[in-house]
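Since the structure comes first, as structure tokens, the remarks are kept for the end.
The values are calculated or read from the model by the stated rules, or taken from the named source; none is laboratory data. For clarity, every value in this text was computed on a predicted model and none was experimentally measured. Here Cβ is always computed from backbone atoms with ideal geometry, including for glycine, and neighbour counts include all displayed protein chains. The protein model used for the area step is the full one, side chains on, heavy atoms only, and it has no ligands, DNA or RNA in it. Shrake-Rupley method; radii C 1.70, N 1.55, O 1.52, S 1.80 Å.
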Amino acid sequence: MASLPLKKNYRCVPSLQQFYSGGPFAVSSDGSFIACKCGESIKIVDSLDASIRSTIEADLDEVTALALSPDDSLLFSAGHSRQMRIWDLSTLKCMRSWKGHEGPVMGMACHPSGGLLATAGADRRVLVWDVDGSFCTHYFKGHKGVVSSVLFHPDPTKQLLFSASDDTTVHVWDLLTKKCVATLNGHNSTVTSMALSEDGWTLLTAGRDKVVILWDLHDYSCMKTVTTYEVLEAVCAIYSGTPLSSYLGSCKKQNGKKSGLSETCFITVGDRGIVRIWNSEGAVCLYEQKSSDVTPSSDVDESNRGFTAAVMLPSDKGLLCVTADQEFLLYSPVKLPEGTLEFELSKRLVGYNDEIVDMKFAGDEEQFLAVATNLEQVRVYDIASMSCSYVLAGHTGIVLCLDTCVLSCGKPLIVTGSKDNTVRLWDSESKCCLGLGIGHMGGIGAIAFSKKRKDFFVSGSSDCTIKVWSLDGLSDNTEKPVNLKAKAGVAAHDKDINSVAVAPNDSLVCSGSQDRTACVWRLPDLVPVVVLKGHKRGVWSVEFSPVDQCVITASGDKTIKIWAISDGSCLKTFEGHTSSVLRASFLTRGTQFISSGADGLVKLWMVKTDECIATYDQHDNKVYALAVGKKTEMLATGSSDAVINMWYDCTASDKEEAFRREEEGVLKNQELENAVLDADFSKAIQVAFELRRPHKLYQCFSEIWRKRETEKQMEKALLALGEEEIKLLFEYVREWNTKPKLCHVAHFVLSKVFNILSPTTINEIKGIGEILEGLLSYSQRHFSRMDRHETNTYLVNYTLTGMSVIEPETDTRVLDDKSLMHSSADDAKGTLINEPEDEERKSSQRLKEEAATKKRKSKKSKDGSTCNKKVKA
């Protein structure tokens, strides 16, 4: 069998992140993105794949209201601090901020023209602001409770503003007269939502009193009250031209009904978690979902169930509903062959996952990812779009572990263990529970399918026991799950069992526990084989090697060990994590393995050399979950920071990229050498910057400094540099300036740069201040050194002059003056120029001879004095 190429690097793709924590949100006019509150920040999320486009930090202020401008260029936000802000979505910068309400802002709406912003506050007031000037244009008061929502009339000829409050009333405000033109009393509870009909003359209001009221805006009278028998959270009017309205029109024609002029169709959602369509004519329900797509919860608090909001998306994009557990459900209307309507759940975007406890790849082609979080359900994601395809609900406690397999017949299965002390077997295709296993006395923290026959699975519990469950007796009847039978069971450890693994040939099973040991058992009767002792903390993960008779264990003592099954001896110990190692799994036929820990790190190891060849820091918290694809060996990691990262092997692509870069580097180097030989310094400087060759760049500048005629090429090259390259040039110059031998070239380059670029342009470069400080300090040293050298030359000149080695400068000046006087006198007499030159030469020669005789005399006198001194002595 040919050996697989070793993996050297993985590329991380953040696939699923927390982007919505409940509360306000705003949908763009084209439905392409959603602005969501996420803690103390605002996330801009792509509605196609839930990827985060950008993040806006709200300065530790919890967001209470959001709104978008009609052209989606501006985002308006408000928080508990009463601070309102306008954000430019192109730059993600706050353009303006101000305060106006005496309490938190609970709702916002932007005028269709984009020039006005209405805000509803907990101070019972409604204010209208000029967007450009941020000043208040209208001040409305009259509500007796918290104003929860506001709505502008879309028709520019009707300058009306609607506001709904907890006092069960809706006020209609005239923007021209700045007065309340009507107060709509009809609800008996909080008004939660408002909508306008297509013609603009009917206002629909929904409340928690389970009714929808239609108001005539001609005289502000109640036209009709529709009882829905459901606490309503949102109402949406259906406009003509949409697929939904065309379908409703065809249904009316089939039933022989004529559509009236005043009838209005609308959608309601509420605490039941179903979508319903109503017709105002007769107050009849035209459509009702058969079952809810909202994830069922075991929480007794009813407020955590159902829908909290709904928005009709433009054109044919459907209906967007928001659930109480931070999910966005996108529905598309579908006409069935029998002529009935059905809302198909086309996408489920999960905004908040809490801690990722465990996950595994699912499906025949590993196109799905089953994820267990701190919930009673298992969410299965489509890896291509990272949309939650479906939810497996049935446990009454938090799901702690799961495993997946594909039977020989092609049926994909998922098995889960929960805190409710039960195990459940699921069919991934039908999304139904096939079997239920009861027998453990504690929460089930570990579970694993058989690898070869796939006719059983093993579970480990906090009751310190291991059980083997048989898959015999399963039927295709999905109405009621069968009771799974335990083939064997054993009290395996003294403390909670954290992990179990089945050998590739289904002959052994290994268990890891908090009692610091791992045990190997022989199947099917769970006969003990060997106990692996050596860890100083609990064992969090165990796994069999796919090719060797060994087991890998990860422990809370920050180490990973590989054990021999034959005698239980420790073969290798790997150290590198700074905290507990939570998962370890083999790669590349057992020659490598990947590990994750509580330090948030993911590490890639070589078994043969005991070496960690790569470390990845893409998580901010404990990495509890690690899944390895059996076919592609693609990785998925999940942590307690609610982030799921996908990892793709990029060893081959990195090798190709390195080869391509090397090839380009060779060509560029040759191009650089040719440019230097041709004295084309403009091109040489450009190529040197591309190759990041500071030494070659210095040689080019040095050559230009010697040959002043090539300075124009240097100026041309400097003008072509970008901001990043200018900053890099300053960094190079700073390094050259630290060496006395190179400083002259550095200052030459600086002078050229300062002549070409303006101070404003240089000051705008990010980080330039620190670089200039480094340049200034060394430049001061160089100038001080030059001053010292110049001072020293004065002393040398004085000494040499005193020793008569060189003639004083004054004598030469006198001689020059005399010669000039002679020449001028001769010129005045009209004599020839060469005659005074001869006389001058003769006179200078006489002066030199006299000076030489003086030197000889002085020397003799000195010698005579020294001799006299010796005689006296």
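Suppose each label sits 7 Å from its Cα in the direction of the beta carbon; what would the ASP72-SER408 distance come out to in nanometres?
5.3
Calculate the FRET efficiency for LEU176 and SER221 from the Cβ-Cβ distance with a Förster distance of 25 Å, rounded to the nearest 0.05.
The formula returns an efficiency of 0.70 here.
Going through the cross-link list LYS668/LYS752; LYS451/LYS622; LYS696/LYS727, which pairs have a Cα-Cα distance over 20 Å in this structure? Mind showing how you got there, number by number?
On the way: LYS668/LYS752 26 Å; LYS451/LYS622 28 Å; LYS696/LYS727 18 Å.
Flagged as over cut-off: LYS668/LYS752; LYS451/LYS622.
Given LEU484, THR801, LEU313, which one lies farthest toward the positive end of the charge dipole of the chain, if we put +1 on the Cβ of every Lys and Arg and -1 on the Cβ of every Asp and Glu?
Value computed over the given set: THR801.
If you average over every viewing direction, what projected area does the convex hull of the Cα atoms of segment 661-781 give, in nm²?
Result: a mean projected hull area of 7.6 nm².
Provide the per-residue ³J(HN,Hα) series for segment 134-139, in order, calculated from phi with Karplus coefficients 6.51, -1.76, 1.60 and θ = phi - 60°, each as a whole number of Hz, with x at glycine and proline positions.
Whole-Hz 3J(HN,Hα) from phi for segment 134-139: 6, 10, 7, 9, 9, 10.
Compute the Cα gyration tensor for segment 141-223, then decide on rounded, prolate or oblate, letting a ≥ b ≥ c be the square roots of its eigenvalues: rounded whenever a/c is under 1.5, prolate when a/b is larger than b/c in the other cases, and oblate in all that remain.
oblate
I need the peptides 657-669, 159-171 ranked by packing, meaning the mean over residues of other C-beta atoms within 10 angstrom, with the highest value on top.
159-171, 657-669
Towards the positive end of the charge dipole of the chain, with charges on Cβ (+1 Lys, Arg; -1 Asp, Glu), say which of GLY241, TYR139, GLY363 has the farthest Cα.
Result: GLY363, furthest along the dipole toward the positive end.
Determine the dipole magnitude for the chain: charges of +1 sit on the beta-carbon of Lys and Arg, -1 on that of Asp and Glu, nothing else is charged, the reference point is the Cα centre, and the result goes in debye to the nearest 20.
That gives a dipole near 3060 debye.
Put a dot 7 Å past each Cα toward the Cβ at ALA384 and THR55; how far apart are the dots in nm?
Simple spin-label model gives 3.0 nm for this pair.
To the nearest 20 Debye, how big is the dipole of segment 1-120 about its Cα centre, given +1 on the beta carbon of each Lys and Arg and -1 on that of each Asp and Glu?
My answer is approximately 440 debye.
To check you understand DSSP bridge types, tell me what percent of the beta bridges within the chain (both residues inside) are antiparallel, rounded to 5.
100
Quick check on segment 356-653: take the gyration tensor over C-alpha atoms, sort the square-rooted eigenvalues as a ≥ b ≥ c, and tell me if it's rounded (a/c under 1.5), prolate or oblate. Write down the numbers at each step before the final one.
Details: a/c = 1.57, a/b = 1.18, b/c = 1.33.
Note, shape of segment 356-653 comes out oblate.
Which whole-number percent is the relative contact order of segment 356-653 (Cα, under 8 Å, 6+ apart)?
RCO, segment 356-653: 10 percent.
Dipole of the chain (Lys/Arg Cβ +1, Asp/Glu Cβ -1, origin at the Cα centre): which of GLY207, SER430, SER332 lies farthest to the positive side?
Value: SER430.
Given the DSSP H assignment, sum -39500 (n - 2.57) over each helix run of at least 4 residues in the chain and divide by its residue total; what's the result at 222 nm in deg cm²/dmol, nearest 500?
That comes out to -8000 deg cm²/dmol.
Could you work out the relative contact order of the chain, using alpha carbon pairs under 8 angstrom and six or more residues apart, expressed as a whole percent?
Working: 1941 pairs, mean separation 47.6, N = 873.
5 percent.
Within segment 364-482, what whole-number % of the accessible surface is contributed by carbon and sulfur, with the 1.4 Å probe and all protein chains included in the calculation?
48
What residues of segment 580-606 lie in the reach of a label at LYS451, counting those whose backbone N is under 14 Å from a point 7 Å from the Cα along Cα→Cβ?
Answer for this model: 585-592.
How much accessible area per residue does the chain have, in Å², with a 1.4 Å probe?
Using a 1.4 Å probe on heavy atoms only, each residue of the chain averages 49 Å².
For LEU196, list long-range residues whose amide hydrogen, built 1.01 Å from N in the peptide plane, is under 5 Å from its own amide hydrogen.
LEU204, ALA237
For the pairs LYS317/LYS431; LYS495/LYS631; LYS536/LYS572; LYS43/LYS431, flag any whose C-alpha to C-alpha distance is greater than 23 Å.
Flagged as over cut-off: LYS317/LYS431; LYS495/LYS631; LYS43/LYS431.
Starting at the first residue of segment 278-287, write each ³J(HN,Hα) from the Karplus equation 6.51 cos²θ - 1.76 cosθ + 1.60 with θ = phi - 60°, in whole Hz, x for Gly and Pro.
Using θ = phi - 60°, the values come out as 10, 10, 5, 6, x, 6, 9, 8, 7, 8 Hz.
Please sort 63-73, 353-363 by packing, taking for each peptide the average over its residues of neighbouring beta carbons within 10 angstrom, highest first.
So the peptides 63-73, 353-363, ranked by packing, come out 353-363, 63-73.
By its C-alpha gyration tensor, with a ≥ b ≥ c as the square roots of the eigenvalues, how is segment 347-486 shaped: rounded for a/c under 1.5, else prolate for a/b larger than b/c, else oblate?
oblate
Applying 1/(1 + (r/R0)^6) with R0 = 22 Å to the Cβ-Cβ distance of GLU365 and CYS432, what FRET efficiency is obtained, to the nearest 0.05?
With a Förster radius of 22 Å, E is 0.55.
Just checking my list [x] 48, 41, 32; [y] 78, 48, 23; [z] 61, 35, 32 against semi-axes √(5λ) of the Cα gyration tensor in Å computed from this structure; which label fits?
[y]
Less than 17 Å from a label point 7 Å out along the Cα-to-Cβ axis of THR761: which backbone N atoms in segment 719-742 qualify, by residue?
In segment 719-742, the label zone of THR761 (backbone N under 17 Å from the point 7 Å along Cα→Cβ) covers 719-731.
Using 1/(1 + (r/R0)^6) with R0 = 41 angstrom and r between the beta carbons of GLU673 and ARG708, what's the FRET efficiency to the nearest 0.05?
0.95
With each label point set 7 Å from Cα along the Cα-Cβ vector, what nm distance links ALA491 and LYS741?
Those two pseudo-labels are separated by 8.0 nm.
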